[in-house]
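The values are calculated or read from the model by the stated rules, or taken from the named source; none is laboratory data. Everything numeric in this text was worked out from a predicted model, so none of it was measured. Reconstructed Cβ throughout: ideal geometry from the backbone, glycine too, with neighbour counts over all protein chains shown. Ligands, DNA and RNA are stripped out before the accessible areas are found, and what is left, the full protein with its side chains, is counted by its heavy atoms. Shrake-Rupley method; radii C 1.70, N 1.55, O 1.52, S 1.80 Å.
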Amino acid sequence: MKKHSARVAPLSSYSASVLTCPVSEGEEGSESHAETPGSEGSGARSQCQSCASTALKVLGGLLVVLSVSSSWVGTTQIVKLTFQSFSCPFFMTWFSTNWNILFFPLYYSGHLVTARQKQTPIQKFRECSRIFGEDGLTLKLFLKRTAPFSILWTLTNYLYLLALRKLTATDVSALYCCHKAFVFLLSWIVLKDRFMGVRIVAAIMAITGIVMMAYADGFHGDSIIGVALAVGSASTSALYKVLFKMCLGSANLGEAAHFFSTLGFFNLIFISCTPVILFFTKVEHWGSLSALPWGYLCGVAGLWLAFNILVNVGVVLTYPILISIGTLLSVPGNAAVDVLKHEVIFSVVRLAATAIICLGFLLLLLPEEWDTITLRFFATFAEKKAEEHGEELTESSVHTRSRSRANGTVSIPLA
(Lines give C-alpha, C1' and ligand atoms only; values in the text may rest on other atoms or scores of the structure.)
Protein backbone atom coordinates (compact mmCIF):
# COMPACT_ATOMS: atom_id res chain seq x y z
CA MET A 1 0.00 0.00 0.00
CA LYS A 2 2.73 2.35 -0.89
CA LYS A 3 3.03 4.65 -3.84
CA HIS A 4 2.56 8.35 -4.31
CA SER A 5 0.96 8.50 -7.74
CA ALA A 6 0.83 4.94 -8.98
CA ARG A 7 -0.69 1.90 -7.40
CA VAL A 8 1.57 -0.57 -5.72
CA ALA A 9 2.24 -3.52 -7.99
CA PRO A 10 3.38 -6.99 -6.97
CA LEU A 11 7.07 -7.35 -6.30
CA SER A 12 7.66 -9.36 -9.45
CA SER A 13 6.31 -6.58 -11.67
CA TYR A 14 9.03 -4.12 -10.71
CA SER A 15 11.69 -4.17 -13.42
CA ALA A 16 14.35 -1.81 -14.71
CA SER A 17 13.32 0.21 -17.75
CA VAL A 18 15.61 0.33 -20.78
CA LEU A 19 16.06 3.65 -22.57
CA THR A 20 16.16 3.26 -26.35
CA CYS A 21 16.77 5.86 -29.02
CA PRO A 22 14.62 5.22 -32.13
CA VAL A 23 16.27 5.54 -35.51
CA SER A 24 14.29 7.13 -38.32
CA GLU A 25 14.26 5.24 -41.62
CA GLY A 26 15.30 7.06 -44.79
CA GLU A 27 14.70 6.23 -48.41
CA GLU A 28 17.90 4.20 -48.67
CA GLY A 29 18.96 1.45 -46.29
CA SER A 30 22.46 2.83 -45.75
CA GLU A 31 21.12 6.17 -44.66
CA SER A 32 18.66 4.63 -42.21
CA HIS A 33 21.50 3.23 -40.10
CA ALA A 34 23.61 6.37 -40.13
CA GLU A 35 23.90 8.23 -36.85
CA THR A 36 24.49 11.93 -36.63
CA PRO A 37 26.74 13.49 -34.00
CA GLY A 38 23.68 15.06 -32.41
CA SER A 39 21.95 11.69 -31.98
CA GLU A 40 25.13 10.21 -30.49
CA GLY A 41 25.35 13.11 -28.02
CA SER A 42 21.69 12.81 -27.02
CA GLY A 43 22.08 9.04 -26.57
CA ALA A 44 25.14 9.54 -24.37
CA ARG A 45 23.31 12.16 -22.30
CA SER A 46 20.30 9.89 -21.85
CA GLN A 47 22.56 7.04 -20.75
CA CYS A 48 24.34 9.31 -18.27
CA GLN A 49 21.01 10.52 -16.89
CA SER A 50 19.79 6.94 -16.60
CA CYS A 51 22.96 5.87 -14.76
CA ALA A 52 22.79 8.88 -12.45
CA SER A 53 19.11 8.23 -11.69
CA THR A 54 19.81 4.56 -10.92
CA ALA A 55 22.79 5.44 -8.73
CA LEU A 56 20.73 7.97 -6.75
CA LYS A 57 17.91 5.47 -6.34
CA VAL A 58 20.28 2.78 -5.09
CA LEU A 59 21.98 5.23 -2.72
CA GLY A 60 18.62 6.39 -1.44
CA GLY A 61 17.65 2.74 -1.07
CA LEU A 62 20.67 2.00 1.10
CA LEU A 63 19.84 4.97 3.33
CA VAL A 64 16.23 3.81 3.60
CA VAL A 65 17.37 0.26 4.43
CA LEU A 66 19.57 1.52 7.25
CA SER A 67 16.82 3.84 8.50
CA VAL A 68 14.17 1.09 8.47
CA SER A 69 16.46 -1.34 10.26
CA SER A 70 17.61 1.25 12.81
CA SER A 71 14.08 2.41 13.61
CA TRP A 72 12.84 -1.14 14.18
CA VAL A 73 15.88 -2.09 16.28
CA GLY A 74 15.47 1.13 18.29
CA THR A 75 11.77 0.44 18.86
CA THR A 76 12.42 -3.11 20.07
CA GLN A 77 15.30 -2.16 22.35
CA ILE A 78 13.48 0.80 23.93
CA VAL A 79 10.51 -1.46 24.63
CA LYS A 80 12.87 -3.82 26.49
CA LEU A 81 14.21 -0.87 28.51
CA THR A 82 10.70 0.38 29.27
CA PHE A 83 9.67 -3.01 30.65
CA GLN A 84 12.29 -2.66 33.38
CA SER A 85 10.20 0.03 35.09
CA PHE A 86 6.85 -0.05 33.31
CA SER A 87 5.42 -3.41 32.26
CA CYS A 88 2.12 -2.45 30.64
CA PRO A 89 2.24 -3.71 27.04
CA PHE A 90 -1.37 -2.91 26.10
CA PHE A 91 -1.10 0.68 27.30
CA MET A 92 2.11 1.04 25.27
CA THR A 93 0.37 -0.41 22.21
CA TRP A 94 -2.61 1.93 22.60
CA PHE A 95 -0.41 4.97 23.20
CA SER A 96 1.83 4.23 20.18
CA THR A 97 -1.12 3.57 17.87
CA ASN A 98 -2.57 6.99 18.69
CA TRP A 99 0.50 8.53 17.08
CA ASN A 100 -0.68 7.19 13.71
CA ILE A 101 -2.99 10.20 13.60
CA LEU A 102 0.07 12.29 12.72
CA PHE A 103 0.68 10.33 9.50
CA PHE A 104 -1.71 12.29 7.26
CA PRO A 105 -0.69 15.76 8.60
CA LEU A 106 2.95 14.86 7.92
CA TYR A 107 2.04 13.68 4.43
CA TYR A 108 0.12 16.88 3.73
CA SER A 109 3.11 18.94 4.91
CA GLY A 110 5.24 17.09 2.38
CA HIS A 111 2.60 17.78 -0.26
CA LEU A 112 2.78 21.52 0.43
CA VAL A 113 6.57 21.46 0.06
CA THR A 114 6.88 19.31 -3.07
CA ALA A 115 3.66 19.72 -5.09
CA ARG A 116 3.35 22.41 -7.77
CA GLN A 117 -0.42 22.55 -7.54
CA LYS A 118 -1.33 22.96 -3.89
CA GLN A 119 -4.56 21.54 -2.50
CA THR A 120 -6.41 22.47 0.66
CA PRO A 121 -6.42 19.92 3.51
CA ILE A 122 -10.09 19.15 2.83
CA GLN A 123 -9.48 18.56 -0.88
CA LYS A 124 -6.50 16.32 -0.19
CA PHE A 125 -8.40 14.45 2.51
CA ARG A 126 -11.32 13.77 0.17
CA GLU A 127 -8.97 12.68 -2.61
CA CYS A 128 -7.14 10.23 -0.36
CA SER A 129 -10.37 8.91 1.17
CA ARG A 130 -11.12 7.12 -2.12
CA ILE A 131 -9.36 4.11 -0.67
CA PHE A 132 -12.63 3.39 1.16
CA GLY A 133 -14.69 3.70 -2.04
CA GLU A 134 -15.82 6.20 -4.63
CA ASP A 135 -18.15 7.85 -2.12
CA GLY A 136 -15.27 8.54 0.24
CA LEU A 137 -15.24 7.96 3.99
CA THR A 138 -18.66 7.64 5.58
CA LEU A 139 -19.53 6.67 9.14
CA LYS A 140 -20.66 3.22 8.01
CA LEU A 141 -17.46 2.59 6.07
CA PHE A 142 -15.42 4.02 8.92
CA LEU A 143 -16.80 1.37 11.27
CA LYS A 144 -16.98 -1.45 8.72
CA ARG A 145 -13.57 -1.06 7.09
CA THR A 146 -11.53 0.28 10.00
CA ALA A 147 -12.68 -1.95 12.86
CA PRO A 148 -11.20 -5.30 11.68
CA PHE A 149 -7.90 -3.70 10.69
CA SER A 150 -7.68 -1.81 13.98
CA ILE A 151 -8.24 -5.02 15.93
CA LEU A 152 -5.60 -6.91 13.91
CA TRP A 153 -3.17 -3.99 14.23
CA THR A 154 -3.62 -3.88 18.01
CA LEU A 155 -3.28 -7.66 18.35
CA THR A 156 -0.11 -7.72 16.24
CA ASN A 157 1.65 -5.07 18.29
CA TYR A 158 0.31 -6.26 21.64
CA LEU A 159 1.44 -9.86 21.05
CA TYR A 160 4.82 -8.58 19.87
CA LEU A 161 5.30 -6.63 23.12
CA LEU A 162 4.15 -9.60 25.19
CA ALA A 163 6.71 -11.78 23.43
CA LEU A 164 9.44 -9.27 24.28
CA ARG A 165 8.70 -9.85 27.98
CA LYS A 166 9.52 -13.56 27.55
CA LEU A 167 12.29 -13.66 24.91
CA THR A 168 15.27 -11.62 23.79
CA ALA A 169 14.82 -8.94 21.14
CA THR A 170 16.78 -11.07 18.65
CA ASP A 171 14.50 -14.08 19.04
CA VAL A 172 11.30 -12.04 18.75
CA SER A 173 12.47 -10.09 15.69
CA ALA A 174 13.58 -13.34 14.01
CA LEU A 175 10.28 -15.08 14.73
CA TYR A 176 8.36 -12.04 13.50
CA CYS A 177 10.08 -12.43 10.11
CA CYS A 178 7.97 -15.57 9.67
CA HIS A 179 5.04 -13.30 8.79
CA LYS A 180 6.39 -13.24 5.23
CA ALA A 181 5.86 -17.00 4.93
CA PHE A 182 2.38 -16.74 6.46
CA VAL A 183 1.46 -14.02 3.96
CA PHE A 184 2.45 -16.32 1.09
CA LEU A 185 0.48 -19.25 2.47
CA LEU A 186 -2.64 -17.15 3.06
CA SER A 187 -2.34 -15.47 -0.35
CA TRP A 188 -1.96 -18.86 -2.02
CA ILE A 189 -5.00 -20.31 -0.21
CA VAL A 190 -7.33 -17.30 -0.01
CA LEU A 191 -6.31 -15.06 -2.92
CA LYS A 192 -5.32 -17.93 -5.25
CA ASP A 193 -1.89 -16.46 -5.90
CA ARG A 194 0.59 -18.34 -8.08
CA PHE A 195 2.07 -21.48 -6.57
CA MET A 196 5.85 -21.36 -6.17
CA GLY A 197 7.84 -24.33 -4.97
CA VAL A 198 10.67 -22.19 -3.62
CA ARG A 199 8.24 -20.28 -1.42
CA ILE A 200 6.79 -23.50 -0.07
CA VAL A 201 10.35 -24.47 0.85
CA ALA A 202 10.78 -21.07 2.53
CA ALA A 203 7.56 -21.59 4.51
CA ILE A 204 8.77 -25.02 5.65
CA MET A 205 12.07 -23.44 6.71
CA ALA A 206 10.18 -20.82 8.73
CA ILE A 207 8.15 -23.50 10.50
CA THR A 208 11.34 -25.49 11.13
CA GLY A 209 12.96 -22.41 12.67
CA ILE A 210 9.94 -21.89 14.92
CA VAL A 211 10.09 -25.46 16.20
CA MET A 212 13.85 -25.22 16.78
CA MET A 213 13.39 -21.95 18.66
CA ALA A 214 10.83 -23.58 20.92
CA TYR A 215 13.05 -26.63 21.37
CA ALA A 216 16.02 -24.50 22.46
CA ASP A 217 14.78 -24.47 26.08
CA GLY A 218 13.07 -27.85 26.04
CA PHE A 219 9.45 -26.92 25.22
CA HIS A 220 8.72 -25.53 28.68
CA GLY A 221 8.77 -22.33 30.68
CA ASP A 222 8.65 -18.80 29.35
CA SER A 223 10.41 -19.76 26.13
CA ILE A 224 7.55 -21.74 24.60
CA ILE A 225 5.06 -19.04 25.66
CA GLY A 226 7.25 -16.33 24.12
CA VAL A 227 7.59 -18.29 20.87
CA ALA A 228 3.81 -18.76 20.72
CA LEU A 229 3.23 -15.03 21.29
CA ALA A 230 5.76 -14.03 18.62
CA VAL A 231 4.29 -16.48 16.11
CA GLY A 232 0.83 -15.14 16.96
CA SER A 233 2.04 -11.62 16.24
CA ALA A 234 3.45 -12.74 12.88
CA SER A 235 0.18 -14.54 12.06
CA THR A 236 -2.06 -11.55 12.80
CA SER A 237 0.31 -9.33 10.81
CA ALA A 238 -0.01 -11.67 7.82
CA LEU A 239 -3.79 -11.76 8.18
CA TYR A 240 -3.84 -7.95 8.31
CA LYS A 241 -1.89 -7.67 5.05
CA VAL A 242 -3.88 -10.31 3.17
CA LEU A 243 -7.18 -8.82 4.36
CA PHE A 244 -6.04 -5.38 3.25
CA LYS A 245 -5.19 -6.70 -0.22
CA MET A 246 -8.49 -8.57 -0.45
CA CYS A 247 -10.78 -5.76 0.78
CA LEU A 248 -9.00 -2.54 -0.18
CA GLY A 249 -6.60 -3.63 -2.91
CA SER A 250 -3.59 -1.35 -3.20
CA ALA A 251 -3.03 2.22 -2.09
CA ASN A 252 -0.80 5.13 -3.01
CA LEU A 253 1.15 7.08 -0.43
CA GLY A 254 -1.62 9.59 0.27
CA GLU A 255 -4.23 6.88 0.71
CA ALA A 256 -1.89 4.93 2.99
CA ALA A 257 -1.35 8.05 5.12
CA HIS A 258 -5.11 8.58 5.27
CA PHE A 259 -5.69 4.97 6.28
CA PHE A 260 -3.06 5.03 9.05
CA SER A 261 -4.50 8.25 10.47
CA THR A 262 -7.97 6.70 10.37
CA LEU A 263 -6.66 3.73 12.35
CA GLY A 264 -5.26 6.15 14.89
CA PHE A 265 -8.61 7.93 15.26
CA PHE A 266 -10.45 4.62 15.62
CA ASN A 267 -7.97 3.53 18.27
CA LEU A 268 -8.38 6.79 20.19
CA ILE A 269 -12.19 6.72 20.09
CA PHE A 270 -13.07 3.03 20.50
CA ILE A 271 -10.02 1.28 22.01
CA SER A 272 -9.37 3.82 24.78
CA CYS A 273 -11.78 2.03 27.08
CA THR A 274 -9.60 -1.11 27.11
CA PRO A 275 -6.55 0.31 28.97
CA VAL A 276 -8.98 1.92 31.44
CA ILE A 277 -10.63 -1.46 32.08
CA LEU A 278 -7.22 -3.10 32.48
CA PHE A 279 -6.24 -0.37 34.94
CA PHE A 280 -9.27 -0.81 37.23
CA THR A 281 -9.02 -4.62 37.06
CA LYS A 282 -5.32 -4.23 38.02
CA VAL A 283 -4.19 -6.28 35.04
CA GLU A 284 -2.06 -3.30 34.03
CA HIS A 285 -1.58 -0.85 36.88
CA TRP A 286 0.56 2.18 36.05
CA GLY A 287 -0.05 4.44 39.05
CA SER A 288 -0.27 8.20 38.55
CA LEU A 289 0.22 9.80 35.14
CA SER A 290 3.16 11.83 36.43
CA ALA A 291 5.00 8.62 37.35
CA LEU A 292 4.84 7.21 33.82
CA PRO A 293 8.13 7.01 31.86
CA TRP A 294 6.98 9.47 29.22
CA GLY A 295 10.42 9.67 27.65
CA TYR A 296 10.52 5.95 26.89
CA LEU A 297 6.86 5.91 25.83
CA CYS A 298 7.32 8.79 23.41
CA GLY A 299 10.51 7.22 22.12
CA VAL A 300 8.74 3.95 21.34
CA ALA A 301 5.77 5.70 19.73
CA GLY A 302 7.97 8.05 17.70
CA LEU A 303 10.22 5.29 16.37
CA TRP A 304 7.21 3.10 15.61
CA LEU A 305 5.65 5.95 13.62
CA ALA A 306 8.97 6.60 11.86
CA PHE A 307 9.22 2.93 10.92
CA ASN A 308 5.73 2.93 9.36
CA ILE A 309 6.44 6.16 7.48
CA LEU A 310 9.78 4.86 6.19
CA VAL A 311 8.21 1.63 4.99
CA ASN A 312 5.55 3.51 3.00
CA VAL A 313 7.75 6.34 1.71
CA GLY A 314 10.67 3.98 1.01
CA VAL A 315 8.73 2.18 -1.71
CA VAL A 316 8.28 5.53 -3.45
CA LEU A 317 11.96 6.45 -3.20
CA THR A 318 13.59 3.12 -3.95
CA TYR A 319 13.02 -0.55 -4.72
CA PRO A 320 10.42 -2.41 -2.57
CA ILE A 321 12.73 -5.38 -1.99
CA LEU A 322 15.11 -3.12 -0.06
CA ILE A 323 12.40 -2.36 2.49
CA SER A 324 12.06 -6.08 3.22
CA ILE A 325 15.83 -6.39 3.54
CA GLY A 326 15.81 -3.50 6.00
CA THR A 327 13.29 -5.38 8.15
CA LEU A 328 15.44 -8.52 7.98
CA LEU A 329 18.56 -6.58 9.03
CA SER A 330 16.86 -5.79 12.32
CA VAL A 331 17.66 -9.37 13.39
CA PRO A 332 21.47 -8.99 13.33
CA GLY A 333 21.04 -5.44 14.62
CA ASN A 334 19.16 -6.64 17.70
CA ALA A 335 21.65 -9.49 18.10
CA ALA A 336 24.54 -7.03 18.20
CA VAL A 337 22.81 -4.93 20.86
CA ASP A 338 21.88 -8.01 22.91
CA VAL A 339 25.43 -9.32 22.86
CA LEU A 340 27.25 -6.04 23.47
CA LYS A 341 24.90 -4.34 25.92
CA HIS A 342 22.87 -7.08 27.58
CA GLU A 343 25.60 -9.75 27.35
CA VAL A 344 23.18 -12.35 25.99
CA ILE A 345 24.73 -15.72 25.11
CA PHE A 346 22.96 -17.50 22.24
CA SER A 347 22.88 -21.28 22.09
CA VAL A 348 23.76 -23.14 18.91
CA VAL A 349 20.13 -24.20 18.45
CA ARG A 350 18.88 -20.61 18.65
CA LEU A 351 21.51 -19.40 16.20
CA ALA A 352 20.63 -22.20 13.78
CA ALA A 353 16.90 -21.45 14.10
CA THR A 354 17.49 -17.73 13.48
CA ALA A 355 19.66 -18.48 10.43
CA ILE A 356 17.03 -20.84 8.96
CA ILE A 357 14.24 -18.28 9.42
CA CYS A 358 16.33 -15.51 7.83
CA LEU A 359 17.26 -17.75 4.89
CA GLY A 360 13.61 -18.60 4.35
CA PHE A 361 12.80 -14.88 4.46
CA LEU A 362 15.37 -14.23 1.72
CA LEU A 363 13.91 -17.02 -0.44
CA LEU A 364 10.50 -15.36 -0.16
CA LEU A 365 11.96 -12.20 -1.70
CA LEU A 366 12.65 -13.98 -4.99
CA PRO A 367 10.39 -12.68 -7.79
CA GLU A 368 7.81 -14.95 -9.37
CA GLU A 369 9.85 -15.28 -12.58
CA TRP A 370 13.08 -16.06 -10.74
CA ASP A 371 13.47 -19.44 -12.48
CA THR A 372 13.03 -17.92 -15.95
CA ILE A 373 15.41 -15.10 -15.12
CA THR A 374 18.00 -17.57 -13.77
CA LEU A 375 17.78 -19.80 -16.86
CA ARG A 376 18.07 -16.76 -19.14
CA PHE A 377 21.13 -15.58 -17.21
CA PHE A 378 22.86 -18.95 -17.50
CA ALA A 379 21.99 -19.16 -21.20
CA THR A 380 23.46 -15.70 -21.81
CA PHE A 381 26.53 -16.62 -19.76
CA ALA A 382 26.98 -19.83 -21.78
CA GLU A 383 26.67 -17.91 -25.07
CA LYS A 384 29.33 -15.43 -23.98
CA LYS A 385 31.62 -18.28 -22.98
CA ALA A 386 31.08 -19.95 -26.36
CA GLU A 387 31.83 -16.69 -28.19
CA GLU A 388 35.00 -16.17 -26.18
CA HIS A 389 36.08 -19.77 -26.85
CA GLY A 390 35.44 -19.28 -30.60
CA GLU A 391 37.50 -16.10 -30.61
CA GLU A 392 40.35 -17.90 -28.84
CA LEU A 393 40.25 -20.71 -31.44
CA THR A 394 40.30 -18.16 -34.28
CA GLU A 395 43.24 -16.31 -32.78
CA SER A 396 45.17 -19.59 -32.23
CA SER A 397 44.58 -20.68 -35.85
CA VAL A 398 45.80 -17.31 -37.10
CA HIS A 399 48.97 -17.62 -35.02
CA THR A 400 49.49 -21.20 -36.32
CA ARG A 401 49.23 -20.13 -39.96
CA SER A 402 51.60 -17.21 -39.39
CA ARG A 403 54.18 -19.52 -37.80
CA SER A 404 53.81 -21.98 -40.70
CA ARG A 405 54.49 -19.30 -43.28
CA ALA A 406 57.46 -18.09 -41.27
CA ASN A 407 58.95 -21.64 -41.31
CA GLY A 408 58.43 -22.02 -45.08
CA THR A 409 55.69 -24.64 -44.83
CA VAL A 410 52.45 -24.50 -46.76
CA SER A 411 49.15 -25.87 -45.57
CA ILE A 412 47.37 -27.71 -48.44
CA PRO A 413 43.60 -27.75 -48.00
CA LEU A 414 41.82 -31.08 -48.45
CA ALA A 415 39.52 -31.32 -51.47
Percent accessible area from carbon and sulfur atoms, the stretch 87-153, protein chains only, probe 1.4 Å: 61 percent
Estimated distance in nm for a label pair at VAL344 and GLU127, the labels positioned 7 Å out from Cα along Cα-to-Cβ: 4.4 nm
Point-to-point label distance, LEU359-VAL198, nm (Cα→Cβ direction, 7 Å offset): 1.5 nm
Length released on extending from LYS140 to SER109, taking residue separation times 0.36 nm less the Cα-Cα span: 8.3 nm
At R0 = 25 Å, FRET efficiency that the Cβ-Cβ distance of LEU62 and ALA336 yields, to 0.05: 0.85
Extension gain, LEU248 back to ILE269 (0.36 nm per residue minus Cα-Cα distance, nm): 5.3 nm
Candidate lysines for bridging to LYS341, where Cα separation is under 20 Å - those fewer than 8 sequence places away on the same chain excluded: LYS80, LYS166
Proximal lysines to LYS140, defined as alpha-carbon separation beneath 29 angstrom and excluding residues fewer than eight positions away on the same chain: LYS2, LYS3, LYS124, LYS241, LYS245
Inter-label distance, nm, simple model (7 Å from Cα along the C-beta direction), GLU387/GLN47: 1.5 nm
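Report in % the part of the accessible area of the stretch 192-326 that belongs to carbon and sulfur, leaving out ligands and nucleic acids; probe 1.4 Å.
74 percent
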FRET E, pair ILE277, ARG116, Förster distance 56 Å, beta-carbon r, rounded to 0.05: 0.70
